[in-house]
Amino acid sequence: MSNWNHKHIIDLASFSLEDYRTVLDLTNRFKIIPISGSRKLPALQGKLIATLFFEPSTRTRSSFELAAKRLSADVQSFSPSSSSLKKGESPLDTVMTYVAMGADVLVIRHNCSGIAEQIAKSLDENLKHVSILNGGDGLHSHPSQALLDLFTLAQFFDKENPNIKNLAGKKITIIGDILHSRVARSNLWGLTACGADVVLCGPPTLLPEQFSEFVSNPPPGIIQDPIKNRGKVSISRSLKEAMEDSDAIYTLRIQKERMSENLISSLDRYHEEYGITHESLKWCKENVPVLHPGPVNRGIEISSELVDDHSICLVDTQVTNGIPVRMALLYLLASMKN
């Protein structure tokens, strides 16, 4: 793709509208090609994709590995529990081991914010022609999740032509633990870039007021926002107010480990105030989609009945769309080396 100039994908703050169009267009092309069994695309034949997940993952890791295999790439997986990390090896030295083996793209997930960018800078300084794709770092970013969410919404609003124009002017409500969510942060960059207005909803302990200014403050290294006219970000403490006239609902996982930090009084109370059900969806526009990054805590952030209503709950669709989205990202990065 001649218009693609990203060697690494660390977050979405640096993405232009053309970048989003490129990813969604390529995703759609991969999605409509029937790929199964031995019918693989030879696009990345001879390339090596390494998945280095320093923290647990089911959907993201499996999705990236399946995406790489469908493009005919070789795949190496890294498991911390059986690695030299147990002997004191640093994450960077682990990365350099896979670079020395000839990896073309490293998909990295780690619980420390900023580590993907640090590794990318180290590789660039050492003139290593290897791309880093951030599979999720701490509280910072999860770009591939936000891109598959964008594609899922664009597809819902226009199945025949899923593109970023379908998001313009839409009201998207994100509910839950915004404070600890890298998914929410990446979606704020992506949704507002496409012209959607985002309403954040949650208790003050999980949603500080400063999030209303999130997209007004590009991260270090970005002198000018590549998006001229972003959608707005606002905060509502009332679930009904946040959901009224919404075009889509995105609810986030409540991390039960936060209970020990006394950030919410109880899970039952949280569900009463912020849980999504068929009943609460009556406040929205008709037939709005409900998204969730998974894994779902049934009966907490979303009712079990709603999870199983596949006509509007798009959790499974998000997982399905994750494969062609990640095929697109791997293809774009691996092609940079040609």
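The values are calculated or read from the model by the stated rules, or taken from the named source; none is laboratory data. Remember, predicted model here, so these are calculated numbers, not experimental data. All Cβ positions, even for glycine, are placed from backbone atoms using ideal geometry, and neighbour counts span all protein chains on display.
Observations, loosely collected:
- Identity of the residue in the stretch 65-80, touching a residue at least 60 places away in the same chain (Cβ under 8 Å) and not in a helix (DSSP H, G or I), that ends up nearest to ARG29 (Cα to Cα): LEU71
- The number of residues in the stretch 291-338 being free of Cβ contacts under 8 Å to residues at least 60 places away in the same chain and aliphatic (A, V, I, L, M) comes to 7.
- When the residues of the stretch 140-175 are filtered to those that are within 12 Å of the chain's Cα centre (by Cα) and part of a loop (DSSP other than H, G, I, E, B), the one that is surrounded by the most Cβ atoms within 10 Å (Cβ to Cβ) is HIS142.
- Residues in the stretch 166-204 that are within 15 Å of TYR274 (Cβ to Cβ) and touching a Gly at 6+ places or on another chain (Cβ under 7 Å): ILE175, GLY176, ASP177, ILE178, GLY202.
- Looking only at residues in the stretch 119-136 that are in contact with a helix residue (DSSP H, G or I) (Cβ under 9 Å, 6 or more places away or on another chain) and touching a residue at least 60 places away in the same chain (Cβ under 8 Å), the one that is surrounded by the fewest Cβ atoms within 10 Å (Cβ to Cβ) is HIS129.
Conditions (1) within 22 Å of the chain's Cα centre (by Cα); (2) over 26 Å from ARG182 (Cβ atoms); (3) of a type in the set (Asp, Glu); (4) in the same structural domain as PHE214 (by TED's automatic domain parsing), marked per residue:
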position	(1), (2), (3), (4)
GLU244	no, yes, yes, yes
ALA248	yes, no, no, yes
ARG253	yes, no, no, yes
GLU261	no, no, yes, yes
LEU267	no, no, no, yes
LEU291	yes, no, no, yes
ASN297	yes, no, no, yes
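- Some residue of the stretch 186-196 being within 20 Å of GLU55 (Cβ to Cβ), among the hydroxyl-bearing types (Ser, Thr, Tyr) and crowded, with 22+ Cβ neighbours inside 10 Å: yes
- Candidates SER57, SER113 - the one that is assigned to a loop (DSSP other than H, G, I, E, B), at pLDDT below 90, under 26 Å from SER186 (Cα atoms) and touching a Lys or Arg at 6+ places or on another chain (Cβ under 9 Å): SER57
- Contact map, the stretch 174-189: first residue more than 22 Å from ASN229 (Cα to Cα), second residue aliphatic (A, V, I, L, M) and part of a helix (DSSP H, G or I), Cβ cut-off under 6 Å, separation 6 or more or different chains; pairs are ILE178/ALA184.
- For the stretch 1-27, the tally of residues that are in a loop (DSSP other than H, G, I, E, B) and either more than 24 Å from GLU160 (Cα to Cα) or modelled with pLDDT under 95 (or both) stands at 14.
- Residue list for the stretch 200-220, restricted to those being small (Gly, Ala, Ser) and either without any contact (Cβ under 8 Å) to a residue 60 or more places away in the chain or in contact with a Pro (Cβ under 9 Å, 6 or more places away or on another chain) (or both): SER212, SER216
- Pick from the stretch 293-311, criterion surrounded by 15 or more Cβ atoms within 10 Å (Cβ to Cβ) and more than 20 Å from ARG269 (Cα to Cα), ranking: modelled with the lowest pLDDT: GLY294
- Of all the listed residues (ALA50, ALA67, ALA103, ALA73), the sole one being out of contact with any strand residue (DSSP E or B) (no Cβ under 6 Å at 6 or more places or on another chain), at negative phi, among the small types (Gly, Ala, Ser) and modelled with pLDDT of 95 or more is ALA67.
- Evaluation of ILE235 against (1) over 27 Å from LEU133 (Cβ atoms); (2) part of a helix (DSSP H, G or I); (3) in contact with a strand residue (DSSP E or B) (Cβ under 6 Å, 6 or more places away or on another chain) (one fails), failing number: (2)
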